[in-house]
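Values in this text are rule-based calculations from the coordinates and carry no lab data. Since this is a predicted model, take the numbers as computed values, not measurements. So basically every Cβ, Gly included, is an ideal-geometry build from the backbone, and we count neighbours across all protein chains shown.
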Amino acid sequence: MAIWNTLKGELDKAGRAAQDALDEGKLRLESHRAKQKAEAAAASLGFAVYRARTAGGELEPERYSVLASLLAAAESEIERIELAIKNIKAEPADKAEDPPVPPQD
């Protein structure tokens, strides 16, 4: 029956690897969406500054703080997701190998 234990252990390892790959894929998609959100916030901020200056003035401080906080929030979300991706990639190296299964007679 040792072969069944070995097979079960290998299937468990393969299952963990597949789950890690799936988790990483989900995080990469979330990261892409967060980057799009940050780009949109940066574009909104830049366009607001442009409109204010072409009108001969400056951007209102309240409007600037709202747009800047949206951009900062999006950037911190990107950093959080990138850290989660690094942790998923580092996990297999940190995990100890499964102990060998003693042969059963």
**Request:** Would you mind checking K37/K86; K26/K86; K8/K86 for any pair whose Cα atoms are more than 23 angstrom apart?
**Result:** K8/K86
**Prompt:** For the chain, what is the mean residue ellipticity at 222 nm derived from helices alone (per DSSP H run of n ≥ 4: -39500 (n - 2.57); sum divided by total residues; nearest 500 deg cm²/dmol)?
**Reply:** -31000 deg cm²/dmol
**Asked** Quick one: Karplus J couplings for region 52-69, per residue in order, coefficients 6.51, -1.76, 1.60, θ = phi - 60°, nearest Hz, x for Gly and Pro?
**Response** 5, 6, 5, 7, x, x, 10, 5, 4, x, 5, 5, 4, 5, 5, 5, 5, 5
**Selected from A14, A84, A42 as most flexible by GNM, with the chain as the system and alpha-carbon contacts under 10 Å** = A14
**Request:** Report, in cubic angstrom per residue, the convex hull volume of the C-alpha atoms of region 16-92.
**Result:** 61 Å³
**Message:** What are the extents of the Cα atoms of region 52-91 along their three principal axes, in Å, largest first?
**Reply:** 54, 17, 6
**Prompt:** Near S69, within a Cβ-to-Cβ distance under 12 Å, what is the net charge of the other residues, with Lys and Arg +1 and Asp and Glu -1?
**Reply:** -1
**Message:** Please list 3J(HN,Hα) in residue order for region 79-86, calculated via the Karplus relation 6.51 cos²θ - 1.76 cosθ + 1.60 where θ = phi - 60°; whole Hz, with x for glycine and proline.
**Reply:** 4, 4, 5, 4, 5, 5, 5, 4
**Message:** Give me the net charge for the shell around G57: Cβ to Cβ below 15 angstrom, other residues only, Lys and Arg +1, Asp and Glu -1.
**Reply:** 0
